Amino acid sequence: MTDRVDANQPPPLVDYNVFEADAPLGEALEREGGAWAHDLVHELGRLAGTQKAIDWGFQANAHPPHLRTHDRFGERIDEVEFHPAWHELMRVAVGHGLHALPWREPRPGAHAARAAAFYVWSQVEGGHGCPVSMTYAALPTLRKSPRLAAKWEPLMTSLDYDPGLVPVTSKKGVLFGMAMTERQGGSDVRANTTRAEPAGVMGEFSLTGQKWFCSAPMCDAFLVLAQAPDGLSCFLVPRVLPDGTRNRFHILRLKDKLGNRSNASAEVELGGAWAVMVGEEGRGVRTIIDMVNHTRLDCVIGSASLMRHAVAQATHHAAHRSAFGKLLSEQPLMVNVLADLAVESEATTVLMMRLAGAFDRDAEPAEAHFRRIGVAVAKFWTTKRAIAVVAEALECLGGNGYVEESILPRLYREAPLNSIWEGSGNVNALDVLRAMQREPESVAAYFGEVESGPRDARLERAVAELKRELKATADLEARARRLVERMAIVLQASLLLRHGDPLVGEIFCASRLDGDWGHSFGSLKPRAQLESVIERHRPQLYSG
Ligand SMILES: Cc1cc2nc3c(=O)[nH]c(=O)nc-3n(C[C@H](O)[C@H](O)[C@H](O)COP(=O)(O)OP(=O)(O)OC[C@H]3O[C@@H](n4cnc5c(N)ncnc54)[C@H](O)[C@@H]3O)c2cc1C
């Protein structure tokens, strides 16, 4: 038997407070007005660092959900069975209000507090965040029909996780999903063919058609897009009808996905499903857009969370693993890689919290305009960066990083999802152009934000260059990615200069703005104090 020291294996990253170990998050929570939620996020951070919670994450992914279309008598049931660990994860998430915090406590900083809490808890497991996120996001859309909201909101905001398909009236809490995507076109929802026919009672419809991606199909109700007589409209489709019978919502099969394996994503047939219209007929996209905007914020939070977790694993590993006679964390080239990853992670955390703060302050016109464009910019860029960050962090663990037990493979498979759902990269980049054209105030709000910090010659040059690029009208669509990624980097630079660790801001501007950088992580210009950036990001275990 070799003992741990001789084997040169780091101790497992367990028994630490995921929140308290994250200086950029703690600072941002306070700055964005969410300090009142400190105890909640602290408690989730403590739980997220326990072996018990980490085990739930592994178990829920090792035992993916299972579809049961019929019961033993041949009757349709359309149920998905989840491992008990999934339910434990959900119980913590719902019990701490991650699906509803700003709606339960509509006070300044509530979205920021929820963002911090969701980011911390998602580090345990990403898949179960899907129904949590969709429930959080569905409520603003539902409020467009006050009578429906009055019925569903108390259950959507309840802290009781109450799984199972029973009539809503006998439930202590409910969860929501969404079904927009169809086989013939996901991004272009105007191509939806699901039909909605009036069911004889005002506001009630019968839906017929198929949905190609419908995640978390055991949710209690779904917001669904379908073609009504006056055009594409938004509907609420419950899984169980008021009389206790099942709605005609049939699960055809579950997708065999790259990652996100703890969660179920279904193909669904609506065979004359009973539905109630939400919002105005023919204004489906406008109605559901509020839900989309909130889930897009969650894509940014999810990506920031993945990056943070990957950086925590990499910095922890390097501090305990030796090669060629020295710790990895003392090797100049590894220091360069880790510091570069930490800078990217901090830039994303700061951006995520600033955006969540804009959701809190969206009664102010400038914040509402900033939010409109900022979400699309950040969704495009951070979801792409998460893929690169996780891949590089995985390599920091060498062969151990390629092995499932290290958790890095799970993070790696999860990473691309945020850039696909709720608007893939191109769709988001084009949405930024749409915001610019339809809501020019959003461009002014963006520049108001990036020009509000301390003077920095590199930032000023980048802003001037961006303005020139935006003025040119030729090939705008083909240049959308180039523009949007530049907008994201300029925004991150300005936020870091104002609020981040000064050294992190300096490194970000030198590398990402001024181009003193290569094409892979670890190509920063060597400088003293890079170790201090790593130490800022390295989690400390309770035992030291
Ligand atoms: C795990 C998972 C879970 C999901 N869960 C749900 C769910 O619960 N509910 C739901 O409704 N949907 C869900 N989706 C579907 C998801 O939102 C869609 O896959 C996504 O919107 C893209 O649509 P699509 O797959 O039809 O691709 P397409 O629309 O065919 O797009 C393919 C590619 O073309 C690009 N593209 C599209 N239009 C343009 C253009 N004009 N110019 C340039 N490029 C363009 C896109 O960016 C994309 O890269 C889920 C997807 C995944 C992977």
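Things to note:
- Centroid-to-centroid separation of the range 514-544 and the range 13-81 [C-alpha atoms, Å]: 28
- Approximate spin-label separation residue 30-residue 514, in nm, with each point projected 7 Å along Cα-to-Cβ: 2.9
- The calculated FRET efficiency for residue 420 paired with residue 87, based on their beta-carbon distance and R0 = 35 Å, is about 0.85.
- The C-alpha atoms of the chain define a longest principal axis, and helix 129-142 lies at about 60 degrees to it.
- Whole-Hz couplings from phi, Karplus 6.51/-1.76/1.60, listed for the range 62-79; x for Gly and Pro: 6, 10, x, x, 10, 8, 10, 7, 10, 8, 5, 9, x, 7, 5, 10, 6, 10
- Among the GluC sites (Glu not before Pro) within the range 64-161, those in coil by DSSP and having at most 16 neighbouring Cβ atoms inside 10 Å are 75.
- Normalised radius of gyration (Cα atoms, divided by 2.2 N^0.38 Å) for the range 85-202: 1.19.
- Inter-label distance, nm, simple model (7 Å from Cα along the C-beta direction), residue 439/residue 320: 4.6
- Once the Cα-Cα distance is subtracted from the 0.36 nm per residue extended length, the residue 531 to residue 184 segment shows a gain of 119.8 nm.
- Accessible surface of the range 279-380 [probe 1.4 Å, protein heavy atoms]: carbon and sulfur percent: 54
- Aspartates and glutamates whose Cα lies under 20 Å from that of residue 525, excluding same-chain neighbours fewer than 8 positions away: 330, 340, 344, 346, 392, 456, 501, 506, 514, 516, 535
- Descending semi-axes in Å of the chain, equivalent ellipsoid built from Cα gyration tensor: 39, 29, 20
- A convex hull fitted around the alpha carbon atoms of the range 418-498 yields 92 Å³ per residue.
- Cα-based helix-to-principal-axis angle, 38-48 vs the chain, degrees rounded to 10: 90
- Average 1/r across all pairs of distinct alpha carbons in the range 1-102, invert it, and you get the Kirkwood radius: 16.9 Å.
- Evaluating 6.51 cos²θ - 1.76 cosθ + 1.60 at θ = phi - 60° for every residue in the range 526-536, the Karplus couplings come out as x, 8, 5, 6, 4, 4, 5, 5, 5, 4, 4 Hz, glycine and proline recorded as x.
- Principal-axis tilt of helix 332-360 within the chain, Cα atoms, nearest 10 degrees: 40
- A 1.4 Å probe run over the range 103-252, with the rest of the protein chains in place, finds 38 Å² accessible per residue.
- FRET efficiency, residue 542 to residue 391 (Cβ-Cβ, R0 25 Å, nearest 0.05): 0.25
- Residues of the chain were split at every exposed loop site, defined as chymotrypsin sites (Phe, Trp or Tyr not before Pro) in a DSSP loop with at most 13 other C-beta atoms within 10 angstrom, and the longest piece left, sites excluded, is 74-323.
The values are calculated or read from the model by the stated rules, or taken from the named source; none is laboratory data. Just so it is clear, the model here is predicted, and its values are computed rather than measured. Glycine also receives a Cβ, built like all others from the backbone with ideal geometry; neighbour counts cover every protein chain displayed. The protein model used for the area step is the full one, side chains on, heavy atoms only, and it has no ligands, DNA or RNA in it. Shrake-Rupley method; radii C 1.70, N 1.55, O 1.52, S 1.80 Å.
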